[in-house]
Structures are given as C-alpha cells and as structure tokens.
1. Taking only Cα atoms and a 10 Å spring cutoff, compute GNM fluctuations for the chain and point out the largest among Gln194, Gln276, Gln284.
2. Specify the residue with the greatest mean-square fluctuation among Thr259, Thr89, Thr301, computed from a Gaussian network of the chain linking alpha-carbon atoms under 10 Å apart.
3. Just to be sure I follow the definition: excluding the sites themselves, where is the longest run in the chain that has none of the trypsin sites (Lys or Arg not before Pro) in a DSSP loop with at most 16 other Cβ atoms within 10 Å?
4. How big is the equivalent ellipsoid of the stretch 106-185 along its three axes, where each semi-axis is √(5λ) from the Cα gyration tensor, reported in whole Å from largest to smallest?
5. Taking Lys107 as the anchor, which aspartates and glutamates have their alpha carbon closer than 17 Å to its alpha carbon, excluding any fewer than eight residues away along the same chain?
6. Please report the spacing between the Cα centers of the stretch 140-170 and the stretch 21-51 in Å, no decimals.
7. Quick check: the distance between the Cα centres of the stretch 174-200 and the stretch 243-301, to the nearest angstrom?
8. Suppose we keep just the DSSP beta bridges with both residues in the chain; what percent of those would be antiparallel, to 5?
Amino acid sequence: MRILITGAAGFLGSHLCDRFMKDGHSVVGLDNFITGSPDNIAHLIGNPRFEFVQHNISQFTYVAGDIDGVLHFASPASPIDYLEHPIPTLKVGSLGTHNALGLALAKNARFMLASTSEVYGDPLVHPQPEDYWGNVNPVGPRGVYDEAKRFAEAITMAYHRAHGLDTRIVRIFNTYGPRMRPFDGRVVSNFIVQAILGRPLTLYGDGSQTRSFCYVEDEVEGLYRLFERGDANPTNIGNPVEFTVRQLAELVLELTGATSEIASLPLPEDDPKVRQPDITRARQWLGWEPKVELREGLVRTIAYFRGLHDQGRIAV
Ligand code: NAD
Ligand code: UDP
C-alpha cells in the first residue's frame with residue numbers, strides 16, 4: 001500500500017511512518033513543522049519507500065499518484081501548543097480534516113482520523129466508553145482543540161454516510177515515549193526533563209487529577225490494527241491503568257533518582273479531573289490491549305531524554 005500520513009514529523013505520526021514501513025508499505029509523510037521536527041523523520045529520508053511533502057493540510061492539497069490510505073494526524077496536540085496556536089488548531093481540525101477526507105475520497109482510499117479523549121472533556125462518566133458524548137466547554141481555552149476534534153469526527157462520519165468512504169476514528173488517550181519534544185508541555189515530558197535538569201517538578205493543582213498513560217509502541221500497534229481491521233465507529237485506544245498526576249511525579253523521581261522537589265502550580269482552566277479509557281471495543285474487535293506498564297515505559301522514555309541531554313539537545 002501507499003499511505004499518506006499527515007503530521008508525519010510529529011511524535012505519533014513519525015512512529016506510524018515507521019510502523020507502516022516496517023510491513024513493507026510506502027509512506028508519503030506530510031507536515032508543516034508547526035509542532036513537529038525534521039529530526040523525527042531524518043532516519044527515513046533517502047529510503048525509496050518514503051517521500052516527504054512540506055505542506056499545510058489546512059490549505060488545498062494535491063498528492064500525485066495512487067494512495068490507499070490517508071491517516072490524518074496533523075494537529076497541535078499538547079495543551080501549550082494548541083493554546084499558542086488556537087486558530088491553526090481549529091483550522092487543521094476542520095479545514096485540514098475536510099481536505100484530508102477529500103483527498104481520500106478522490107483516491108478511493110481508507111481514511112483514519114486521529115481524534116482524542118478530549119472529546120469527552122471533563123468527563124461525567126468514568127471510565128469513558130465510546131458511547132459517552134462528553135462534557136466539553138466550547139468557549140474555554142481548550143475548546144479550540146476539543147471542538148475542532150469533535151467537528152473532525154462529525155465530518156468524518158458525514159463522509160462515511162454520504163459518500164460511503166471507508167473511515168476510522170481513533171480516540172487516542174495520553175500517549176508518551178521517545179520523540180516527544182522536551183518542552184512540549186505535556187506532563188510526562190515535562191516531569192522527566194525537569195528531573196534530568198534537577199529542576200522542581202511542576203505539579204498543577206493538588207495532583208489528584210488522573211490520567212491513563214499509554215506507551216507509544218502499544219498505541220501505534222492499536223492504531224495499526226484499527227486501520228487494518230476496524231470499522232467506522234469511534235474506538236478508544238489507550239492504556240486503561242489510571243494514575244494520579246502526583247503518583248506520576250513520584251514515579252519519575254524514583255526512576256530518575258532525581259532529588260528535585262515537587263512544586264505546586266495552579267491547575268489550568270478546564271483541566272479534566274479524571275481520564276481512563278474503556279477499551280472493551282478494542283479488546284473485542286482488534287484483540288488489542290497495551291503490554292508496556294508505566295514503569296517500563298518511563299524507563300525507556302527517560303533513557304531517550306537522557307540521550308538528548310547527553311548530546312546537548314535539551315537547552316538549559
Ligand atoms: P505532535 O505535535 O508531535 O504532532 C503533530 C504534527 O502535526 C506535527 O508534526 C505538526 O507539525 C503537524 N501539523 C500540525 N498542523 C499541521 C498542518 N496544518 N499541516 C501539516 N502538518 C501539521 O503531536 P502528536 O502527539 O504526535 O499528535 C498527533 C495526533 O494525535 C494529533 O492529531 C493529536 O490530536 C492526536 N492525539 C495525540 C495524543 C497524544 O497523547 N500524543 C492524544 C490524543 C490525540
Ligand atoms: N500537568 C502537571 N504538570 C505539568 C504538565 C501537566 O501537573 O508540568 C498535569 C495537567 O494539569 C493535567 C495532566 O498533568 O492534569 C496531563 O497534562 P497533559 O498536558 O500531559 O495532557 P492533558 O491530558 O491535559 O491533555
């Protein structure tokens with residue numbers, strides 16, 4: 001197959017490129033580098049099965065030749081990124097998704113949308129099954145991301161129903177691992193980088209809010225299976241083991257051996273209090289569940305960031 005991946009120079013997009021290429025497929029990676037980095041795909045440049053297009057998917061997009069699959073992963077994803085780029089975030093979720101769907105339709109390709117657990121907002125149902133409609137504040141600071149993704153889901157279903165396009169919607173829950181940006185603001189990268197630099201760990205609120213962290217290798221395997229053998233219904237892909245953010249901070253201190261203190265900062269507006277995927281659907285239909293426990297995934301991620309630090313690629 002020849003697969004187009006938008007957001008290919010990002011954290012998840014670059015791992016997806018690797019996953020498809022590992023199975024012998026060809027990949028066209030598309031990215032405008034708004035939050036991604038050429039470093040993430042540097043190892044693929046020169047491979048005859050990899051092509052790269054620097055382009056903003058929110059603008060008209062033409063790709064020559066046959067395409068069998070379009071995976072739309074382009075979007076700022078970290079809260080600090082989408083707060084810094086509110087309008088590009090809304091555009092890539094709406095106009096960008098429309099363009100990616102149009103391309104898939106023109107090429108008669110399968111389409112997969114990277115949606116998010118944020119469509120559940122600050123959830124009133126816990127854990128979150130796919131048939132929960134969510135509790136989102138459309139006009140709060142996170143609304144630019146959440147509502148863009150909710151629109152993206154709606155237009156994906158409309159293309160499925162109106163045009164018969166073969167579509168997938170994956171609701172991704174907090175994923176971490178190598179190739180996250182050191183200062184992307186997400187909690188795992190923040191805590192690890194802070195610990196490595198001997199700085200205080202920035203705990204927002206009292207740290208009792210929960211998240212369920214999925215190691216990137218598990219996540220990408222779930223995405224791959226959903227693309228191959230899933231259906232059009234939204235599917236949660238994430239790790240169902242829930243931790244408080246304070247527990248995460250303590251685990252990072254233990255695993256890095258850092259003596260940093262834990263500093264309390266204000267909780268950001270509309271920060272969800274709990275989050276845990278119900279993955280019954282993925283288990284039943286894809287035979288998928290995560291294998292890498294948080295402790296093990298953190299050890300691997302710490303090794304990655306230590307490597308960057310040793311190469312002088314984490315600016316102090
Ligand atoms: P990322 O910021 O590392 O990657 C996103 C990539 O998209 C970047 O390389 C960026 O430059 C590119 N991009 C953004 N807007 C673009 C545009 N208009 N045109 C072309 N390229 C553009 O983030 P990520 O964590 O890899 O997230 C990838 C996708 O997965 C996003 O759609 C995100 O919403 C979704 N997601 C991720 C997580 C997670 O935990 N990582 C959770 C839920 C959903
Ligand atoms: N968080 C924190 N310290 C940080 C970054 C994040 O305590 O330095 C908290 C944040 O308030 C949230 C959780 O960690 O409750 C996860 O934040 P992240 O930005 O990784 O993703 P989110 O799940 O909020 O999209």
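What follows draws every value from the coordinates through simple rules; no lab data is involved. For clarity, every value in this text was computed on a predicted model and none was experimentally measured. Note: ideal-geometry Cβ built from the backbone for every residue, glycine included; neighbour counts use all protein chains shown.
1. Looking only at Gln194, Gln276, Gln284, the biggest GNM fluctuation is shown by Gln284.
2. It is Thr259.
3. The answer is 50-272.
4. 24, 18, 13
5. Filter leaves Asp66, Asp68, Asp166.
6. Comparing the Cα centres of the stretch 140-170 and the stretch 21-51, I get a distance of 25 Å.
7. 12 Å
8. 10 percent
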